[in-house]
Amino acid sequence: MNINNKTSQSAGIKITNNWFAILVSLLFLLFPLVIKNNYFIDVAFFFGIYTLLGLSLNIVLGEVGLFDLGHMGFAAIGAYTTAILNTSFGIPIFVLLPISAIAAAIFAYLVTSPIIHLRGDYLCIVTIGMGEIVRLTLINNPFGITGGPNGVFGIDFPSIGNLLIIDNSVKFYYFIWVAVGLTVLALIHLQDSRIGRAWNCIREDIIAAEASGIDVRYYKLLAFVLGAALAGVAGSIYASKLMIVSPESFSFMESCMLFCIVLIGGMGSIPGIFIGAAAISLFPEIFQTFAQYRMLIFGAALVLMMMFRPGGVWPRKRGKLSTESMLIKAGKSEI
Amino acid sequence: MKNQIEENGNKTISSIDREIVLETNKLTKRFGGLVAVNQIDLKVSKGKISSIIGPNGAGKTTVFNVITGIYQPDDGQYFFKGEKISNLKPHQILSKGIARTFQNIRLFKGMTCLENVMSGQHARSKSGIWPSIFRLPSQTLEEKKIQEIAERRLKQVGLSDHKYELAKNIAYGSQRMLEIARALASNPDLLILDEPSSGLNDKESEDLVNFLNELIKEDLTILLIEHDMNVVMGISDWVTVMDEGKKIAEGKPEEVYSNPIVIEAYLGKEEEEEN
């Protein structure tokens, strides 16, 4: 039959995919060198923040299919951890990055453990509540550490001694996109591993996943913890860029935007997240002139997309495994 | 193992007959007022194909769901290789060595056939989150092993040609075989098949019978629920008949086939329906 034909075809796609990835990376690398306008670089920075947040939600929503509409709560934990520890104790941002990630991860573990068995819409409602509780707690200024509605300000620039001080738009641009790049690498590796498969199995059929030996509870929690840790990193970078964090940055609407990023791109699709994040972060800038209608247009775009491309703009293609080409390269595979 | 048997206070049954792989003891499951499974005693012999038959609603699938941990029993216990496995979760049951398929096929539809079978080996592999993120050599090696086993199982069920196709896109009969391949990938001691021939045509059923007869030559035990009497009579070494949650007969296929109680409860009715 035409099997050989088919496999060579998918190998071809793989190669073009790699070229495509290199091309996109180059584009991101060269962007600030070509565009000297700080406004555009800042827009690209926020595109990066949304991409990182989208990637973090994609683990929970895209890979495992858990409806999480309170994801900004995790980012808030990360941002406030950085803000408070930096302004109170002067701990450098680079030290606080992993600490923020861990704080958000621990928070996610504690909060989602009791609700992890909930399915679909029930989980969705509980996570909305979780996100709102985080925001309201921050507004209420517990122990006088979160600064209430004003938030915390005066956060340092990220720096390693005098060697590297990230203090302008271009540096922040590279900072966020390096973080995004590393995250993408890690997530691509995870997708074609037993962990990524276990996540997808849970999304596809939870009972069959259990019966195939997958500890559903563990892998759902792992997704939440990992997703929260990444959101914590994004929050931390966000805090150091704006030098101020306030509760309104982590509203329910923002969580909905993250949800849209994953849905627009396609559940579980990494390139899709870039498209979704671009749509969410660039759209308001492009349509700035008719600001009052932009939500209308955005809503219409979402409806149209769900009608004509319900799987997202760039859904994940499955076929040959990325590990397979690696094995063949190593000359070990006899298949 | 012996300690565990004694701990469970069940040494009498389990140590006498070492050939018994799975054993249930007065297994009972109720749904509200309905007693779906009523004090079922079941013994599955090692290396044999045992079948459970019975009319619709007899509680056969419920027995399977209890054994594989999807339901918790209301009463009774069950033992696997002499070890008590009551109240374990489904994934724990699988790692003990019991794999199953479902009556209405439950595949990971949006994943490729190969990935489906690879997923079946989840409990037999152990790479954690960090080796996976950094793709450490240990993880790559394990992935390669997982993939080789998966390819072998796919070949065994004749689906090698479809390995990169999504599970939802292959033919119904192939989906059944893929589900069996996924269960086999976990290298189980006991394979539980819930109506493997339902929805298959005569040719496919015959292939299935041949396949199972070949499969049993591996170090494996098979327990199945079946409606198709040709399949049951063709391959079973032991048949248990259930009706309304109770066990009404058991024995060799020929004995059961001629048992008047069975004919009345099940075969007779079935014959009428078919005519």
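Structure above, values below:
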quantity: Boolean, B:Asn259 is among the polar types (S, T, N, Q), more than 21 Å from the chain's Cα centre (by Cα) and at pLDDT below 90; calculated: yes
quantity: Selected residue [away from chain B (no Cβ under 14 Å) and among the small types (Gly, Ala, Ser)] from A:Ala223, A:Ala211, A:Ala231; calculated: A:Ala231
quantity: Some residue of the range B:144-161 being surrounded by 20 or more Cβ atoms within 10 Å (Cβ to Cβ) and within 8 Å of chain A (Cβ to nearest Cβ); calculated: yes
quantity: Selection count, the range B:162-181, where residues are more than 10 Å from chain A (Cβ to nearest Cβ) and not in a helix (DSSP H, G or I); calculated: 2
quantity: Hey, A:Ile91 over 29 Å from A:Ile207 (Cα atoms), assigned to a helix (DSSP H, G or I) and open to solvent by less than 60 Å² (accessible area, probe 1.4 Å) or not; calculated: no
quantity: Residue match in the range A:102-113 (condition: closer than 27 Å to A:Lys171 by Cβ and surrounded by fewer than 19 Cβ atoms within 10 Å (Cβ to Cβ)); calculated: yes
quantity: Residue tally, condition under 30 Å from B:Gly110 (Cα atoms) and either open to solvent by 30 Å² or more (accessible area, probe 1.4 Å) or not β-branched (Val, Ile, Thr) (or both), over the range A:201-249; calculated: 28
quantity: Unique match (being touching a His at 6+ places or on another chain (Cβ under 9 Å) and farther than 30 Å from B:Leu191 by Cβ) among A:Ala231, A:Ala209; calculated: A:Ala231
quantity: Conditions (1) modelled with pLDDT of 90 or more; (2) open to solvent by less than 10 Å² (accessible area, probe 1.4 Å); (3) not assigned by TED's automatic domain parsing to the domain that holds B:Glu115; number of the one not met by B:Val232; calculated: (1)
quantity: Elements of type helices (runs of 4 or more DSSP H) in the range B:43-137, at least 1 residues being facing another protein chain (nearest Cβ under 8 Å); calculated: B:90-96, B:113-119, B:129-133
quantity: Of residues in the range B:55-95 being among the aliphatic types (A, V, I, L, M) and within 13 Å of B:Leu27 (Cα to Cα), the one surrounded by the most Cβ atoms within 10 Å (Cβ to Cβ); calculated: B:Val63
quantity: Pair list, Cβ under 8 Å, 6 or more apart: the range A:162-175 residue within 15 Å of A:Tyr39 (Cα to Cα) and in contact (Cβ under 8 Å) with a residue 40 or more places away in the chain, other residue among the aliphatic types (A, V, I, L, M) and outside any helix (DSSP H, G or I); calculated: A:Phe172/A:Ile166
quantity: Residue under evaluation A:Leu69, criteria (1) part of a helix (DSSP H, G or I); (2) modelled with pLDDT under 95, criterion not met; calculated: (1)
quantity: Condition check for A:Leu57: in contact with a helix residue (DSSP H, G or I) (Cβ under 8 Å, 6 or more places away or on another chain) and buried (at least 24 other Cβ atoms within 10 Å of the Cβ); calculated: yes
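The values are calculated or read from the model by the stated rules, or taken from the named source; none is laboratory data. What you see is a predicted model; the values in this text were computed from it and never measured. Reconstructed Cβ throughout: ideal geometry from the backbone, glycine too, with neighbour counts over all protein chains shown. Areas reflect the complete protein model, heavy atoms only, side chains present, ligands, DNA and RNA absent. Shrake-Rupley method; radii C 1.70, N 1.55, O 1.52, S 1.80 Å.
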